[in-house]
């Protein structure tokens, strides 16, 4: 019987990075994925004796072939008992200024990438009759923010996909949880926004703490949707 592992995408920075660190420090083995292998290696090197819980599986989630290959590598050794879809990009541009290339990158990473990873892990979870899928969505699905049209579309699409998936997988004891954070202090923001608003933003470590809390819930219930906002409200 294979040992269990938690697969975290977008693990090289932001919420994904803090989640990976928090899980490892809790003694949970993770498969850390991101496009930036160098940053993953540096993160692993910083863990000292705990690095044995940090397995690196580079992956560009926007590529179905890459996701499939990565999952096959992970699943040779482990059962992915939990998937945390965190990889995400945006442009912070008005819709009229977004190039087709930028639009494709955002949709392919945020929406299709999360669908690809989810599709890869579902069959084995169904066979095991257990599993946990956590999607890091965004407060853009709750409120209109200008200069985020494609990002909003990608996150709204993932929210809808996950909500339907939850209903389909209930009979298989698979939990689907959507975590919807507001402004969080991560590198996805331009430096100008971080300089202006960082004191009002949430800490990625605090968001990671909520993810770990959800992971540790061993009860016959599922927190289907959790919205997190800065104490002083949206920016």
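Residue 164 falls short on exactly one of the conditions (1) assigned to a helix (DSSP H, G or I); (2) under 28 Å from residue 93 (Cα atoms), and that condition is (2).
Residue under question is residue 79, and the condition is that it be surrounded by 15 or more Cβ atoms within 10 Å (Cβ to Cβ), modelled with pLDDT of 95 or more and closer than 19 Å to residue 17 by Cα; does it hold? Criteria not met by residue 79.
Would you mind stating whether residue 122 is modelled with pLDDT of 95 or more and out of contact with any strand residue (DSSP E or B) (no Cβ under 8 Å at 6 or more places or on another chain)?
The answer is no for residue 122.
Can you confirm whether residue 51 is in contact with a strand residue (DSSP E or B) (Cβ under 6 Å, 6 or more places away or on another chain), more than 19 Å from residue 75 (Cβ to Cβ) and at pLDDT 95 or above? No: the conditions fail for residue 51. For region 129-143, indicate whether the set of residues that are without any contact (Cβ under 8 Å) to a residue 40 or more places away in the chain and either touching a strand residue (DSSP E or B) at 6+ places or on another chain (Cβ under 8 Å) or crowded, with 17+ Cβ neighbours inside 10 Å (or both) is non-empty. Scanning region 129-143 turns up at least one residue that is without any contact (Cβ under 8 Å) to a residue 40 or more places away in the chain and either touching a strand residue (DSSP E or B) at 6+ places or on another chain (Cβ under 8 Å) or crowded, with 17+ Cβ neighbours inside 10 Å (or both). Determine whether residue 119 is surrounded by fewer than 16 Cβ atoms within 10 Å (Cβ to Cβ) and in contact (Cβ under 8 Å) with a residue 40 or more places away in the chain. So residue 119 does not fit the description; no. Please verify whether region 89-110 includes one or more residues that are assigned to a helix (DSSP H, G or I) and closer than 22 Å to residue 20 by Cβ. Within region 89-110, one or more residues are assigned to a helix (DSSP H, G or I) and closer than 22 Å to residue 20 by Cβ. Considering region 12-48 alone, what residues qualify as being touching a residue at least 40 places away in the same chain (Cβ under 8 Å), in contact with a helix residue (DSSP H, G or I) (Cβ under 6 Å, 6 or more places away or on another chain), closer than 21 Å to residue 76 by Cα and buried (at least 18 other Cβ atoms within 10 Å of the Cβ)? Across region 12-48, the qualifying residues are 31, 34. Listed by first and then second residue, the pairs linking a residue in region 88-100 that is on the phi < 0 side of the Ramachandran plot and without any contact (Cβ under 8 Å) to a residue 60 or more places away in the chain to a residue that is crowded, with 18+ Cβ neighbours inside 10 Å and part of a loop (DSSP other than H, G, I, E, B), with Cβ atoms under 8 Å apart and 6 or more places separating them unless they lie on different chains, are 98/91. Condition first: surrounded by 15 or more Cβ atoms within 10 Å (Cβ to Cβ) and in a loop (DSSP other than H, G, I, E, B). Now tell me which residues in region 174-202 satisfy that. Scanning region 174-202 gives 182, 183, 185, 186, 188, 189, 201.
The values are calculated or read from the model by the stated rules, or taken from the named source; none is laboratory data. What you see is a predicted model, and the numbers here were worked out from it, not measured in a lab. Virtual Cβ from ideal backbone geometry, glycine too; neighbours counted across all protein chains shown.
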